[in-house]
Amino acid sequence: MSLFIRIVFAVAACALMAVAAVLLVYAPYVVIRDSLAGEALLESLLGVVGYLIVAIALFDVAKYFFEEEVPAGREKRTAADARRGLTKFISTIIIAIFLEALVLVFETARDQVSDVVYAALLVVAGCLTLVSLGLFQRLSASVEKEVGPEPETPEAGEGGTDAARGLASRPANG
């Protein structure tokens, strides 16, 4: 069953990358098409930024799948590994939300100022997600501290722990 799940994640990641690649090709096409048709270039560029934001977010989600879900032997991760992976994933989503909110602010401020409230709500959603991520980090780190480190697996015991201890004892800027 584990092999099947890894294959599903790999196929999903490839599909996401394909969609992102199409968006990356389609975005410049839209700008060229609109500029040749004599349409407003600024509106076209703002739309393209939205496509590019979505494409980058899709690539990052696909990368997350390849790094966290596809490799074999990743089932026995520590809580810290899971927390780091989830943090990277949610951080990508938060960045995409804020970038899309920024584009939406520019678009609505030019056309319908009364619609800026929707962009503001998107910013609020991004802020709530960011605060939730911070709360998750704080709570999970405190639980890890109370419970202590998880038992070592045989793979990590073969020289991995000594190297990790050496890195952990080094100063951050040293």
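The values are calculated or read from the model by the stated rules, or taken from the named source; none is laboratory data. All of these numbers come straight from a predicted model, not from anything done at the bench. Using ideal geometry, Cβ is built from the backbone for each residue, glycine included, and neighbour counts are taken over all protein chains shown. Each accessible area value is taken on the protein alone, full model and side chains, heavy atoms only, with ligands, DNA and RNA left out. Shrake-Rupley method; radii C 1.70, N 1.55, O 1.52, S 1.80 Å.
Accessible surface calculations at 1.4 Å, restricted to protein heavy atoms, place region 30-75 at 56 Å² per residue. Between residue 112 and residue 24, the simple spin-label model (points 7 angstrom out along Cα→Cβ) gives 3.4 nm.
Note on residue 120 and residue 82: the model spin-label points, each 7 Å out from Cα along the C-beta direction, lie 4.0 nm apart.
For region 1-67, give the percent of accessible area contributed by carbon and sulfur heavy atoms, probe 1.4 Å, rounded to a whole number.
79
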